[in-house]
Amino acid sequence: MLSPLLLAAARSRRMRGLVTSVPLTRGVVDRFVAGEDLGGALHAVGELDAAGLRVTLDHLGEDTRDRAQATATRDAYLELFTAFADHGYANGADASVKLSALGQALPGDLALDHAREICSAAGSVGMTVTLDMEDHTTVDSTLEILGKLRVDFPWVGVAIQSMLRRTEGDLKDLVGEGSRVRLVKGAYAEPASVAFQSKRDVDRAYVRALRTLMNGDGYPMVGSHDPRIIEIALSLAAGRSPSTYEFQMLYGIRTAEQRRLSEGHQMRVYVPYGADWYGYFMRRLAERPANLVFFLRSFTSR
Ligand code: FDA
């Protein structure tokens with residue numbers, strides 16, 4: 001019951017104003033977000049790097065309708081790549097990009113042009129780029145942009161959501177050699193016409209999609225914290241070399257498991273940073289009602 005409300009709140013400007021104006025929120029946000037600026041992100045990456053974990057960096061922001069803001073997001077990624085190269089973190093690192101933050105909803109090819117510049121700069125320092133997947137209305141556009149980017153940057157990856165009914169069909173075009181696909185369950189509130197509604201159906205669809213990816217020639221990225229999914233992924237990957245797939249988890253979630261899996265497997269942590277943390281944070285609350293209790297307790301414990 002709570003999850004749909006929280007996901008609706010994630011898109012509400014009024015709720016955004018309310019939640020972000022409370023200074024106490026910060027302490028809880030810190031669990032999921034590496035910092036409001038690049039310095040915070042670099043600090044978190046330093047610790048993960050020392051522990052042998054790989055990273056994908058997300059400069060937080062989404063749904064922009066403002067050209068200047070879209071350009072500022074592009075610039076934030078360019079700044080990130082320079083800093084990664086300077087600190088020696090670039091090789092093998094990845095950047096996660098939301099096309100809606102680059103101007104996907106604006107007319108013309110702004111998001112594609114920004115994404116091209118991001119991919120070009122990432123490639124020049126030895127990093128890769130993965131396109132996050134947002135709500136179902138953006139999937140066609142995201143896959144179209146992915147196809148265009150992959151002409152020049154064949155290593156660009158994409159997140160695919162098992163909750164969407166269309167996913168099995170989409171995967172047919174995404175299992176070729178070199179294709180990097182991050183399989184996730186899906187974090188957005190979607191109608192039954194396009195998405196499975198029960199956890200059981202979403203999990204089953206995840207396993208079907210995982211089997212397709214593991215049997216394909218691409219590079220599967222298992223984006224889940226679910227112990228059952230991880231067990232199944234390990235058994236499906238048994239015939240593959242450990243360098244041909246990886247596990248991915250979000251910053252601050254199941255950190256002990258991240259370290260356990262990194263012994264013997266490639267494990268990448270998704271590290272979000274930036275001032276625009278509201279939407280990301282609300283989706284994390286929606287995934288686990290216990291997080292909301294923790295969040296509300298931070299108000300009453302003072
Ligand atoms: P599930 O929700 O069943 O959780 C399994 C267990 O994991 C829980 O029992 C709990 O222990 C732990 N857990 C999960 N979420 C938690 C939380 N918020 N706080 C504390 N514990 C938690 N989605 C999307 O739509 N587009 C995208 O591009 C991405 N990108 C992405 C990248 C990476 C690296 C990951 C890991 C996930 C995403 N997601 C995403 C989010 C994804 O769709 C999904 O919402 C979450 O991963 C939660 O689903 P799980 O597979 O972890 O399973």
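The values are calculated or read from the model by the stated rules, or taken from the named source; none is laboratory data. These numbers were taken from a predicted model, which means no experiment stands behind them. All Cβ positions, glycine included, derive from the backbone under ideal geometry; neighbour counts span all protein chains shown.
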Only one of T56, T71 is β-branched (V, I, T) and over 17 Å from the mean Cα position of the chain (by Cα), namely T71
Cβ-Cβ below 7 Å, separation at least six or inter-chain, first residue in region 26-48 and part of a helix (DSSP H, G or I), second among the β-branched types (V, I, T): which pairs?
A41/V271; A44/V271; V45/V55; V45/V271; L48/V55; L48/V269
Which residue pairs have Cβ atoms under 9 Å apart, sit 6 or more places apart or on different chains, and have a first residue in region 226-248 that is within 11 Å of H265 (Cα to Cα) and surrounded by fewer than 20 Cβ atoms within 10 Å (Cβ to Cβ) and a second that is of a type outside the set (D, E) and modelled with pLDDT under 95?
P242/G264
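Quickly run through region 245-256 and pick out the residues that are closer than 18 Å to E287 by Cα and not β-branched (V, I, T).
Initial filter on region 245-256 (closer than 18 Å to E287 by Cα): 248-255.
Result: Q248, M249, L250, Y251, G252, R254.
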Since R240 meets every condition but one in (1) more than 15 Å from the ligand (Cβ to nearest atom); (2) closer than 25 Å to A44 by Cβ; (3) over 16 Å from the mean Cα position of the chain (by Cα), which condition does it not meet?
(2)
Among the listed residues A209, A187, identify the single one that is touching a residue at least 24 places away in the same chain (Cβ under 8 Å), within 11 Å of the ligand (Cβ to nearest atom) and among the hydrophobic types (A, V, I, L, M, F, W, C).
A187
Can we say G252 is surrounded by fewer than 20 Cβ atoms within 10 Å (Cβ to Cβ) and in contact (Cβ under 8 Å) with a residue 12 or more places away in the chain?
yes
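Output the residues belonging to region 119-143 that are in contact (Cβ under 8 Å) with a residue 24 or more places away in the chain and hydroxyl-bearing (S, T, Y).
If the condition is that a residue be in contact (Cβ under 8 Å) with a residue 24 or more places away in the chain and hydroxyl-bearing (S, T, Y), then S120, S124, T128, T130, T138, S141, T142 are the ones that fit.
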Looking at (1) within 15 Å of the ligand (Cβ to nearest atom); (2) within 26 Å of G46 (Cα to Cα); (3) touching a strand residue (DSSP E or B) at 6+ places or on another chain (Cβ under 8 Å), which is the only condition G274 fails?
(1)
